[in-house]
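Asker: Just dropping this structure here.
The values are calculated or read from the model by the stated rules, or taken from the named source; none is laboratory data. Source: prediction; values computed, not measured. Here the Cβ positions follow ideal geometry from the backbone for every residue, glycine too, while neighbour counts run over all protein chains shown.
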Amino acid sequence: GESVGLHLPTLSVQEGDNSIINCAYSNSASDYFIWYKQESGKGPQFIIDIRSNMDKRQGQRVTVLLNKTVKHLSLQIAATQPGDSAVYFCAENAPTGTASKLTFGTGTRLQVTL
Amino acid sequence: DAGITQSPRHKVTETGTPVTLRCHQTENHRYMYWYRQDPGHGLRLIHYSYGVKDTDKGEVSDGYSVSRSKTEDFLLTLESATSSQTSVYFCAIRGQGGRDTQYFGPGTRLTVL
C-alpha cells in the first residue's frame, strides 16, 4: 500500500458518528479551498470546495466550514461509514494568474471503527 | 478520475538512468500538472502546463523536465534518476468552467535504487 501518511495525525471515529477534520491554511490571500479524500493506493479524490466569500457549504453528508479570521477550514462528515476511512487533506488556492496553483496540507487519517 | 491515466503505474529503476512518466487525458483540458507525494509533505508541484508546448516550473522542479507536444499527453522526465526522486507521482488536470479545482490521476509509484 501507500507509504504516504505514515506519520499523519489520526482521527478515530465510530461508525455512525460524525467526524470533524481540521485544516489550518497559510495564506490570507487564498480565495478558494478544496477538500480531498485519498484512499490507499489511489489518487486524491475531490470531495467539496468553498470560495472565500462563503463560510459554509454543504454536500451530500459533508459540510465545509471556513473561518477566514483564524485561517481555519474544517470538514464535517455526517454518519461516518467504513468507506470513509482514508486520508483527508485540504488545499488552498491563492490568486497567481491563471495557472491555479494549489498548496496542499499534509492530511489527517480517518479511521472508522465498527 | 476525470479521464486521466498514468503510465507506468509502478516502476523500479537504478540511479543514473533516465525515466519518463506519461499522463494522458481524454477531455481536452488545457491545464495539466505533475506533483510528487512524500511522507511528511503535502503534494508538491513539479511542473505544470497551460497549453501545448507551454510549460512552467513548480516548487520542486530541479532534476525534472516536462514536455507537452499534444493536448492529451504531458510527459515528466527524470534525466538521471536519483534516490531522492523515489516517490509517488500524480498528474492532475484543472477542471473546466473557471473553477480552480484539480482532479488527479491514479499515480505512479517510482522507486530509484
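Asker: Looking at residue B:50, is it in contact (Cβ under 8 Å) with a residue 12 or more places away in the chain and more than 25 Å from residue A:88 (Cα to Cα)?
Answerer: Spelling it out, residue B:50 is indeed in contact (Cβ under 8 Å) with a residue 12 or more places away in the chain and more than 25 Å from residue A:88 (Cα to Cα).
Asker: If you don't mind, there's one more thing I want to ask. Please work out which one of (1) buried (at least 21 other Cβ atoms within 10 Å of the Cβ); (2) within 14 Å of chain A (Cβ to nearest Cβ) is the condition residue B:95 fails and give its number.
Answerer: Failing condition for residue B:95: (1).
Asker: Look through A:107, A:43 and report the one residue that is free of Cβ contacts under 8 Å to residues at least 24 places away in the same chain, facing chain B (nearest Cβ under 10 Å) and either farther than 30 Å from residue B:29 by Cα or surrounded by 20 or more Cβ atoms within 10 Å (Cβ to Cβ) (or both).
Answerer: A:43
Asker: Oh, and also: Please pick out the residue among B:81, B:2 that is modelled with pLDDT of 95 or more and of a type in the set (Gly, Ala, Ser).
Answerer: B:81
Asker: Could you tell me which numbered condition residue A:90 fails, if it satisfies all but one of (1) in a loop (DSSP other than H, G, I, E, B); (2) surrounded by 15 or more Cβ atoms within 10 Å (Cβ to Cβ); (3) facing another protein chain (nearest Cβ under 10 Å); (4) not aliphatic (A, V, I, L, M)?
Answerer: (1)
Asker: For segment B:30-44, does any single residue satisfy the condition of being in contact with a Cys (Cβ under 8 Å, 6 or more places away or on another chain) and more than 24 Å from residue A:108 (Cα to Cα)?
Answerer: yes
Asker: Only one of (1) surrounded by 17 or more Cβ atoms within 10 Å (Cβ to Cβ); (2) aliphatic (A, V, I, L, M); (3) in contact with a Gly (Cβ under 9 Å, 6 or more places away or on another chain) is not met by residue A:64, so which one is it?
Answerer: If we test residue A:64 against (1) surrounded by 17 or more Cβ atoms within 10 Å (Cβ to Cβ); (2) aliphatic (A, V, I, L, M); (3) in contact with a Gly (Cβ under 9 Å, 6 or more places away or on another chain), just (3) comes out false.
Asker: Something else: Mind listing just one residue for me: the one in segment B:1-59 that is aliphatic (A, V, I, L, M) and within 19 Å of residue B:84 (Cα to Cα) and, of those, surrounded by the most Cβ atoms within 10 Å (Cβ to Cβ)?
Answerer: B:43
Asker: Sort through A:75, A:8 and tell me the only one that's part of a loop (DSSP other than H, G, I, E, B), among the aliphatic types (A, V, I, L, M), in contact with a Ser or Thr (Cβ under 8 Å, 6 or more places away or on another chain) and buried (at least 16 other Cβ atoms within 10 Å of the Cβ).
Answerer: A:8
Asker: Inside segment B:26-65, can you point out the residues that are among the aromatic types (Phe, Trp, Tyr) and touching a helix residue (DSSP H, G or I) at 6+ places or on another chain (Cβ under 9 Å)?
Answerer: B:64, the sole residue that qualifies.
Asker: So if I check each of B:20, B:15, B:101, which one is within 11 Å of the chain's Cα centre (by Cα) and not aromatic (Phe, Trp, Tyr)?
Answerer: B:20
Asker: Residue A:30 passes all but one of (1) surrounded by fewer than 18 Cβ atoms within 10 Å (Cβ to Cβ); (2) assigned to a loop (DSSP other than H, G, I, E, B); which number fails?
Answerer: (1) is the only condition that residue A:30 fails.
Asker: Give the residue that is farthest from the other protein chains (Cβ to nearest Cβ), with candidates limited to residues of segment B:18-63 that are of a type in the set (Asp, Glu) and more than 30 Å from residue A:23 (Cα to Cα).
Answerer: B:27
Asker: Now a separate question. Any residue that is aromatic (Phe, Trp, Tyr), in a loop (DSSP other than H, G, I, E, B) and either under 26 Å from residue A:35 (Cα atoms) or within 14 Å of another protein chain (Cβ to nearest Cβ) (or both) - is there at least one of those in segment B:74-87?
Answerer: For segment B:74-87, residues aromatic (Phe, Trp, Tyr), in a loop (DSSP other than H, G, I, E, B) and either under 26 Å from residue A:35 (Cα atoms) or within 14 Å of another protein chain (Cβ to nearest Cβ) (or both): absent.
Asker: Search segment B:61-86 for residues being in contact with a Leu (Cβ under 7 Å, 6 or more places away or on another chain) and among the β-branched types (Val, Ile, Thr), and hand back the single one that is nearest to residue B:24 (Cα to Cα).
Answerer: B:66
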